[in-house]
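J.: I have a structure here, written as structure tokens, and I will follow up with some questions on it.
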Amino acid sequence: MLKQRIITAAWLAPLVLAGLFGLQGGAFALFTAGIMLLGAWEWANLAGVQHATHRALLVIGVAILMLLLWQSGTAFARWPLWVAAAGWLMNLYWVTRYPEALAQWRSTPRRLLMGLWVLLPCWVGFNVLRESGGVWLLFVLLLVWTADVGAYFVGRALGKHKLAPHVSPGKTWEGVAGGLATTLLLALIFSAWQGLGWRGGLVLLMVTLVVTLVSVLGDLLESMLKRYREIKDSSQLLPGHGGVLDRIDSLSAAIPLFALLYTLVPNL
């Protein structure tokens, strides 16, 4: 398993980085749309759609929505990001109320709708941040990665208090604290690098705090859906790593929220 993970990472990481930072405009939008559409294929399964033809039709529907957003210029607009903010508030309620609130979202149509407000705004957020030049897109990617690393090592060493035992028994509050510590350090480094000054640095720290917590929610949401479907991975598209959603679950929450805050906060 470890060998397969390394082999997959060896070709996947350069490909993704080249696409995210080597492409711009329509090419970048198409590249990120491809990632989101693979996620949509997996989300259809999480929603209970198992027939391949039906899942393919749903993916085509999402692709049409993306095309309409792009043609209307909405790929760079704020309102899909506000939709994401509202949607993730609902996701927070359902994750913290699992399994008591299960009846509110377990129907297939509702889980499919949930996927729309997760995946489409994430795609919009990618485009908004890439349009800014790519520095803040890099920041969010590193934020999610450092949060995962900090949470893993601190949680493994000190974790005692369960974060969401019914959703993801392995996650602890100590792990969350470790993730926050690493991302706040990252924010300080970026603040100095970008010359934000003390005021801009303070704003970035506050934004980082919020986005880090939301990235944890992204992980928990997918864990909740997989637990309900009684599956370990969203798919086997990435040998040794599971599926696309298993790799972007935290990003799906962090990207649109950071993009929204980026458009609203003048000091970034």
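Quick note: the coordinates plus some simple rules give every number you see, no bench work behind them. Note that this is a predicted model, so its numbers are computed, not measured. Every residue, glycine as well, gets a Cβ built from its backbone with ideal geometry; the counts of neighbours run over all protein chains shown.
J.: Say a paramagnetic label sat at a point 7 Å from the Cα of residue 229, along Cα to Cβ; which residues of the stretch 95-134 have their backbone N under 19 Å from it?
T.: It comes to 95, 98-99, 102-123, nothing else.
J.: Please give me the summed charge of the neighbours of residue 148: other residues whose Cβ is under 14 Å from its Cβ, Lys and Arg +1, Asp and Glu -1. Intermediate results must be reported in sequence, preceding the final value.
T.: Numbers: positive: 156, 171, 247; negative: 219, 222, 246, 249.
Neighbourhood net charge equals -1.
J.: Between residue 107 and residue 86, what is the FRET efficiency for a Förster distance of 25 Å, r being their Cβ-Cβ separation, to the nearest 0.05? Please report the intermediate quantities before stating the final value.
T.: Details: r = 20 Å, r/R0 = 0.79.
Once the sixth-power term is evaluated, E becomes 0.80.
J.: List the aspartates and glutamates whose Cα lies under 18 Å from the Cα of residue 226, skipping any in the same chain that are fewer than 8 positions away.
T.: 42, 100, 246, 249
J.: Run down the aspartates and glutamates and flag those whose C-alpha is under 14 Å from the C-alpha of residue 162, throwing out any fewer than 8 positions away in its chain.
T.: In chain and number order, the partners are 174.
J.: In nm, to one decimal, how far is the modelled label at residue 210 from the one at residue 166, with both set 7 Å along Cα→Cβ?
T.: Computed distance between label sites residue 210 and residue 166 equals 2.8 nm.
J.: Charges on Cβ only, +1 for Lys and Arg, -1 for Asp and Glu, centred on the Cα centroid of the stretch 2-264; of 18, 51, 79, which one is farthest towards the dipole's positive end?
T.: Of the options given, the answer is 51.
J.: With each label point set 7 Å from Cα along the Cα-Cβ vector, what nm distance links residue 149 and residue 173?
T.: It works out to 2.7 nm between the two label points.
J.: Sort 258, 28, 126 so that the residue with the fewest other Cβ atoms within 10 Å of its own Cβ comes first and the one with the most comes last. Could the numbers behind the result be given before it?
T.: Working: 258 28, 28 20, 126 25.
Going from least to most buried by this count: 28, 126, 258.
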